[in-house]
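These notes are about the structure you will find just below.
The values are calculated or read from the model by the stated rules, or taken from the named source; none is laboratory data. All values derive from a computational prediction rather than experimental measurement. Quick reminder, even Gly has a Cβ in these numbers, built from the backbone with ideal geometry, and neighbours come from all protein chains shown.
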Amino acid sequence: MAPREKLAIEGGPPVRSTFLPFGAPCLGEEEIAEVVDTLRSGWIGTGPKTHRFERAFAQLVGARYAVAVNSCSSALHLSLIVAGIGPGDEIITTPLTFAATANAIEHVGARPVFVDIDRRTLNIDPQRIADALTPRTRAIVPVHFGGLPCPMDEIGRLAAEHRLIVIEDAAHALGARYRGRMIGSLSAFTCFSFYANKNVTTAEGGMVTTSDPTIDERLRRLRLHGLRHDAWQRFQTRRFMPSDVIEPGFKYNMPDLAAALGLAQLPKLESFLDAREKIARRYDEAFADLPVRTQPRPSDGDRHALHLYVLILEPGRFRVHRNAIIEALRAENIGAALHYRALHTHPYYREKYHHRPEDFPEALQVGEHILSLPLTPAMNDQDVDDVIRAVHKVLRAYLIE
Ligand SMILES: *Cc1c(COP(=O)(O)O)cnc(C)c1O
């Protein structure tokens with residue numbers, strides 16, 4: 001066996017000399033031109049580009065309507081309100097997600113009821129949802145972890161049987177497909193994110209898709225103060241139109257300056273997904289002989305949107321905790337990251353709902369052994385080689401033989 005290389009974290013030379021970020025955005029001349037065009041147009045707020053972005057997005061995911069907002073967190077919040085969720089209601093979701101998913105449920109005064117994950121897919125386990133239902137259960141918020149679609153047929157069936165609303169957190173899942181149908185076309189509400197490191201970015205931004213015209217109308221009203229008409233609609237008439245407040249809404253609209261980025265990014269989605277797929281396949285091959293696993297490749301008709309490429313360390317096989325492995329990779333200039341430590345172990349949720357770590361054993365176990373590797377179409381072959389070399393270097397150094 002080759003002598004072990006000295007890790008950068010112990011003072012050795014790093015695998016690469018510059019830092020490779022986890023999810024650098026992939027921006028080109030098209031994005032720059034579209035933003036400049038918006039700046040020159042004189043209209044930078046919510047207007048024609050936002051409306052064009054909404055139409056293109058709805059068409060892409062096969063939904064009748066798409067409502068642009070300023071984040072996926074806002075998208076989730078508005079969806080819960082429009083679904084009529086409030087105090088006393090229980091909402092089923094996964095503990096293995098970003099804080100925004102459960103926080104949105106808290107913001108409407110409802111209770112997030114965590115249901116453990118399927119340890120193989122990392123998605124909410126539909127078998128366990130039935131056990132968590134009570135007369136107060138009103139909705140299910142599945143999260144397509146990493147971009148791998150949840151079992152939506154099973155979730156849809158449970159929802160129909162128990163009259164529950166499905167609000168998908170598809171922040172990772174733009175481009176994902178479930179049994180031949182695009183994520184975004186399946187449920188009453190689907191929420192997407194255009195945060196800087198997501199599959200398509202508007203710097204900050206989000207979208208709700210629906211096929212129900214009354215949901216679309218209410219989302220549009222609530223995203224801008226609850227006004228009957230937005231500023232662009234009023235501007236277009238050239239007349240004086242007093243704006244009526246129909247209900248107290250929010251300031252959650254997307255500006256044209258952000259939509260301009262989205263308009264330039266959306267046509268590139270397919271090539272982005274191909275690039276992610278190629279990198280993921282190289283990772284799969286390169287790590288096959290290490291005591292780690294990743295999410296399964298989806299079956300026919302499904303597509304993993306590959307927002308994340310995760311490694312789950314085999315418990316008991318490494319001398320140090322996952323956090324130390326992420327630190328060591330970062331010292332090698334590889335921007336490894338953590339998505340996610342299980343939410344029920346975070347102070348707010350643990351204390352408010354008296355959760356014990358072992359209440360959701362699969363999410364707990366995965367949440368302590370998972371890490372994400374850099375994955376973005378902005379990476380070149382050398383970047384991918386560097387990640388592979390660093391993972392082998394660090395994991396072999398800490399492996400218990
Ligand atoms: C990124 C993300 C969000 C929040 O998206 P923002 O656009 O940053 O508000 C919500 N849920 C999940 C699973 C995410 O990864």
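The residues in region 268-320 that are within 16 Å of the ligand (Cβ to nearest atom) and over 17 Å from TYR178 (Cβ atoms) can be counted, and the count is 4. Counting only residues that are within 16 Å of the ligand (Cβ to nearest atom), within 19 Å of LEU164 (Cα to Cα) and touching a strand residue (DSSP E or B) at 6+ places or on another chain (Cβ under 6 Å), region 89-122 holds 9 of them.
You will find that of ALA264, ALA286, the residue that is out of contact with any Cys (no Cβ under 8 Å at 6 or more places or on another chain) and buried (at least 17 other Cβ atoms within 10 Å of the Cβ) is ALA264 and no other. If you check THR210 against the conditions, is it within 22 Å of the chain's Cα centre (by Cα) and within 18 Å of TYR65 (Cβ to Cβ)? Here the answer is yes, as THR210 does meet what is asked.
A search for C-beta distances below 6 Å between a residue of region 111-130 that is over 15 Å from VAL366 (Cβ atoms) and any residue that is of a type in the set (D, E, K, R) and in a strand (DSSP E or B), counting only pairs 6+ apart in sequence or on different chains, returns ARG111/GLU90; VAL113/GLU90. In region 378-389, the residues that are of a type in the set (A, V, I, L, M) form Cβ pairs under 6 Å with partners that are outside any helix (DSSP H, G or I) and surrounded by fewer than 18 Cβ atoms within 10 Å (Cβ to Cβ), at six or more places apart or across chains, as follows: ALA378/ALA24.
When we screen PRO149, PRO135 for residues that are in a loop (DSSP other than H, G, I, E, B) and over 30 Å from PRO267 (Cα atoms), the only hit is PRO135. When region 175-213 is limited to residues that are more than 11 Å from the ligand (Cβ to nearest atom), of a type in the set (Val, Ile, Thr) and assigned to a loop (DSSP other than H, G, I, E, B), the one that is surrounded by the most Cβ atoms within 10 Å (Cβ to Cβ) turns out to be ILE183. Screening region 231-333 for helices (runs of 4 or more DSSP H) wholly inside it with 3 or more residues that are polar (S, T, N, Q) returns the ranges 231-237. Taken over region 71-87, the criterion of being surrounded by fewer than 22 Cβ atoms within 10 Å (Cβ to Cβ) and either among the aromatic types (Phe, Trp, Tyr) or under 28 Å from LYS268 (Cα atoms) (or both) is satisfied by SER71 alone.
Do we have LEU306 as of a type in the set (A, V, I, L, M, F, W, C), in the same structural domain as GLY146 (by TED's automatic domain parsing) and surrounded by 21 or more Cβ atoms within 10 Å (Cβ to Cβ) here? Considered against the rule, which asks whether it is of a type in the set (A, V, I, L, M, F, W, C), in the same structural domain as GLY146 (by TED's automatic domain parsing) and surrounded by 21 or more Cβ atoms within 10 Å (Cβ to Cβ), LEU306 comes out as no. Modelled with pLDDT of 95 or more, of a type in the set (A, V, I, L, M), touching a strand residue (DSSP E or B) at 6+ places or on another chain (Cβ under 8 Å) and not in a loop (DSSP other than H, G, I, E, B): does that describe LEU364? No: the conditions fail for LEU364.
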